[in-house]
1. Which condition number does residue 1 fail, the rest of (1) at pLDDT 75 or above; (2) part of a loop (DSSP other than H, G, I, E, B); (3) within 20 Å of residue 141 (Cβ to Cβ) being met?
2. Within the range 107-134, work out how many residues are among the polar types (S, T, N, Q) and either over 12 Å from the mean Cα position of the chain (by Cα) or not in a helix (DSSP H, G or I) (or both).
3. At pLDDT 95 or above, within 19 Å of residue 27 (Cβ to Cβ), surrounded by 19 or more Cβ atoms within 10 Å (Cβ to Cβ) and not aromatic (Phe, Trp, Tyr): which single residue out of 113, 121 fits that description?
4. Quick one: which of 71, 92 is surrounded by 14 or more Cβ atoms within 10 Å (Cβ to Cβ), assigned to a loop (DSSP other than H, G, I, E, B), modelled with pLDDT under 50 and not small (Gly, Ala, Ser)?
5. All but one of (1) modelled with pLDDT of 65 or more; (2) over 26 Å from residue 123 (Cα atoms); (3) surrounded by fewer than 17 Cβ atoms within 10 Å (Cβ to Cβ) hold for residue 64; which doesn't?
6. When the range 108-135 is examined, which residues are found to be of a type in the set (Gly, Ala, Ser) and under 14 Å from residue 42 (Cα atoms)?
7. With the condition kept exactly as written, say whether any residue in the range 23-30 is assigned to a loop (DSSP other than H, G, I, E, B) and out of contact with any Ser or Thr (no Cβ under 8 Å at 6 or more places or on another chain).
8. Filter the range 1-18 down to the residues that are aliphatic (A, V, I, L, M) and surrounded by fewer than 18 Cβ atoms within 10 Å (Cβ to Cβ), then identify the one that is nearest to residue 131 (Cα to Cα).
Amino acid sequence: MSDRPLKDEVLEELGDDRLREITGLLGTDADQAQQVVGSAVASITGVLTDDAVTPGGTAELCQAMEQAANEPEPLPAAAIGFAGLQGGTGQEPGRGVLAAVLAKVAAPAARAVAKRTGLPVEAVTAALETVIPVMAAVLARRAREKR
C-alpha cells in the first residue's frame, strides 16, 4: 500500500485535463481546485469512517475493499464516469460495490466541502462527479497492492 497521502494520488490520477475541468466547474483557479479536491478526499474518507462505526458500515466498506482487491486492473477512472459509479453500467465488472459506497457519501462530503470553502454545493457536487471515480480507482489499486 502506498505511503503517499491519498489526496496526492488522486490529484496525480486526475491529471491536468480533469483538474482544469474541475476548475471550470467550480469557477475558481487551479490552486483552489486542488484544495477542493484535497478537502473532498478528506471529507469522503471522514464520512466513510463515520459510516464504518454504524451497524453494518464496517462490513460494507470491508466488502467493497475486498472486492476491489480481487478485481483485475480496472478501467481508467475517466472511462467509468460518475454515472457508472452510481448505478453501474455493467461495463465495469466488480467496481459496483466500492463505487456505490463512495457515491453514497458524495452528498454529505459535498456539503462539508462547500461549507469550508464557501463555494456553492452544486458546484462542489459537480466537481465530485469527476473526483469520485478517480478516488475509486486509486483505492482499488491500493487494495490490490496490499494483497
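The values are calculated or read from the model by the stated rules, or taken from the named source; none is laboratory data. Given the structure is predicted, the values throughout are model-derived calculations rather than measurements. Quick reminder, even Gly has a Cβ in these numbers, built from the backbone with ideal geometry, and neighbours come from all protein chains shown.
1. Going through (1) at pLDDT 75 or above; (2) part of a loop (DSSP other than H, G, I, E, B); (3) within 20 Å of residue 141 (Cβ to Cβ) one by one, residue 1 breaks only (1).
2. Total satisfying the criteria: 1.
3. So the residue among 113, 121 that is at pLDDT 95 or above, within 19 Å of residue 27 (Cβ to Cβ), surrounded by 19 or more Cβ atoms within 10 Å (Cβ to Cβ) and not aromatic (Phe, Trp, Tyr) is 113.
4. 92
5. Among (1) modelled with pLDDT of 65 or more; (2) over 26 Å from residue 123 (Cα atoms); (3) surrounded by fewer than 17 Cβ atoms within 10 Å (Cβ to Cβ), residue 64 violates only (3).
6. Passing the criteria: 109, 110, 112, 114.
7. Yes - at least one qualifying residue is present in the range 23-30.
8. So, considering only residues that are aliphatic (A, V, I, L, M) and surrounded by fewer than 18 Cβ atoms within 10 Å (Cβ to Cβ), the one nearest to residue 131 (Cα to Cα) is 6.
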